[in-house]
């Protein structure tokens, strides 16, 4: 049985890896960086991730699942994998890595709100306080010139992806308990990758031919780290903590993305942004200290 501490460590690991994803994506597809085409890029990335997970589908005999589970896992794949990653890749062309992480910082509050609606309850004082502290951190980050870069279309795409991921976190737990985090990760990643692979297929051969060795290294690191290992860590952690408690760790996304953008992409990092990162980490502490007091 996975302990709460282990679940927290795995969840944190997933978020730290995902915090790096906007940096790699922005570098590869950003209009001021390498500028690879976004749809073939995301199709190739998740097509490779699906290959990593595909053998588990045979091992788990997924075709024998009841229709209700197959329908739910298909919805989870469409919402959590396709619905999150495709808009993010398209938005990253015009939105800086720091801003992507900042916008994804709304996910914990979206998850808390969706869970409250699902359970027909009002979030408690601890949840509200942790959320307000986290929002204060995001507001401080938003004042920085570097992360606050992006046009309206790109920002809307990133926010749509954040909503999709939040919905995934709320609807996937029953599957995790019945089928196990590893197998659910394999099925959702494989099924969710198919629409992106189909959309990007016409441009993938040209993309693969034009990529340099460094770009391939970054791509493969993202496939294995942010697309394979991270989803496994997240789903195992989600099963142990629950959607709402795991969701609070997503407040760390802006911290990692802003720092990564500053270090690797030379996006500006100021004292105000560092203060915002501190507020966000405090909000995660509060949310875990007062778990269950909702």
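Laboratory data are not the source of any read-out in this text; all were calculated from the coordinates shown. What you see is a predicted model; the values in this text were computed from it and never measured. Glycine gets a Cβ as well: all are built from the backbone with ideal geometry, and neighbour counts include every protein chain shown.
A few remarks follow.
- Taking 163, 41 and counting other C-beta atoms within 10 Å, the order from fewest to most: 163, 41
- Rounded Å value of the spacing that divides the Cα centres of the range 2-73 and the range 165-208: 6 Å
- For the range 171-286, pairs of C-alpha atoms spaced more than 21 angstrom apart make up 57 percent of the total.
- Taking every C-alpha pair closer than 8 Å and separated by at least 6 residues, the mean separation divided by the residue count of the chain gives a relative contact order of 40 percent.
- Each stretch of four or more DSSP H residues adds -39500 (n - 2.57); spread over every residue of the chain, this sum gives -23500 deg cm²/dmol at 222 nm.
- Pairwise FRET efficiency - residue 151 versus residue 122, Cβ, R0 = 30 Å, nearest 0.05: 0.25
- Across the range 1-149, the mean sequence separation of Cα contacts (distance under 8 Å, 6 or more residues apart), normalised by length, yields a relative contact order of 29 percent.
- Normalised by 2.2 N^0.38 Å, where N counts its residues, the alpha-carbon radius of gyration of the range 6-85 equals 1.37.
- The range 10-155 pair-distance distribution - Cα-Cα, 10 Å bins, rounded %: 10, 30, 33, 22, 6, 0
- Ellipsoid semi-axes in whole angstrom, largest first, where each is sqrt(5λ) of the Cα gyration tensor of the range 155-233: 27, 16, 13
- Compactness of the chain, expressed as Rg and Dmax over alpha-carbon positions, Å: 18.2, 55
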